[in-house]
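Encoded as structure tokens, the structure appears first; notes follow it.
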Amino acid sequence: MSITLVIQDARWRKLRGLSTRVKRAVKAALAEAGALEKSDLTVMLTTNGRVQKLNAAFRGKDKPTNVLSFPAGLDDYLGDVAIAYGVTAREAKEVKKTLLDHTTHLTVHGVLHLLGYDHVTTRQANKMEPMEVRILQTLKVANPYEAP
């Protein structure tokens, strides 16, 4: 298993325990989905600007978002997850969660997207969201779909 963590925005470095938490979140998501053997991936902790460019180029949406996933479609490499600092920090503050907990949730969410899970339809969400909740419980992170 190889988890590459790339930090492109220095503000991420201020979060104590971030690297450990992100790697544990990746492993927990892969384990829950039964995909530990497909575990080589990269998590990029970056800026709103970088995520906005990726979102525009790959999804046709010229705005930043919290997390993007790019499945590789390869046997030996799962893909890449990009998380924007500014959007993530703002969302965490709005819902009164720690930035570390919200980043953990977005990491799990992004990895599940790499594995083919989605939430566009109610049926898809009814499968993906309970998985996220179970994974986050193992990481001692509150249910992100319940009001604080």
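The values are calculated or read from the model by the stated rules, or taken from the named source; none is laboratory data. It should be emphasised that the depicted structure is a prediction, and the values quoted were computed from it without experimental measurement. Accessible surface is based on the protein model in full, side chains and every heavy atom, while ligands, DNA and RNA are left aside. Shrake-Rupley method; radii C 1.70, N 1.55, O 1.52, S 1.80 Å.
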Share of accessible surface on carbon and sulfur in the chain, whole %, 1.4 Å probe and ligands ignored, is 50
For ILE7, the residues 5 or more places away or on another chain with a placed amide H closer than 5 Å to its own amide H are LEU45
The pairs in LYS53/LYS96; LYS53/LYS97; LYS14/LYS140; LYS93/LYS140; LYS23/LYS63; LYS97/LYS140 lying past 24 Å Cα-Cα in this model are LYS53/LYS96; LYS53/LYS97; LYS23/LYS63
Averaged per residue, the 1.4 Å probe accessible area of region 20-148, protein heavy atoms only, in Å², is roughly 52
The equivalent-ellipsoid semi-axes of the chain, taken as the square roots of five times the Cα gyration tensor eigenvalues and listed largest first in whole Å, are 20, 19, 17
In deg cm²/dmol, rounded to the nearest 500, the helical mean residue ellipticity at 222 nm of the chain, built from -39500 (n - 2.57) for every DSSP H run of length 4 or more, is -15500 deg cm²/dmol
Spelling it out for ALA72: with amide H atoms placed in the peptide plane at 1.01 Å from N, the residues 5 or more places away or on another chain with amide H under 5 Å from its amide H are GLY79, ASP80
Sorted by chain and then number, the residues having a modelled amide H within less than 5 Å of the amide H of ASP40, at least 5 places away or on another chain, are SER2, LEU78
The ³J(HN,Hα) series, computed from each phi in region 94-107 with the Karplus coefficients 6.51, -1.76 and 1.60 at θ = phi - 60°, rounded to the nearest Hz and given as x for glycine or proline, is 4, 9, 6, 10, 6, 4, 5, 5, 5, 5, 4, 4, 5, 5
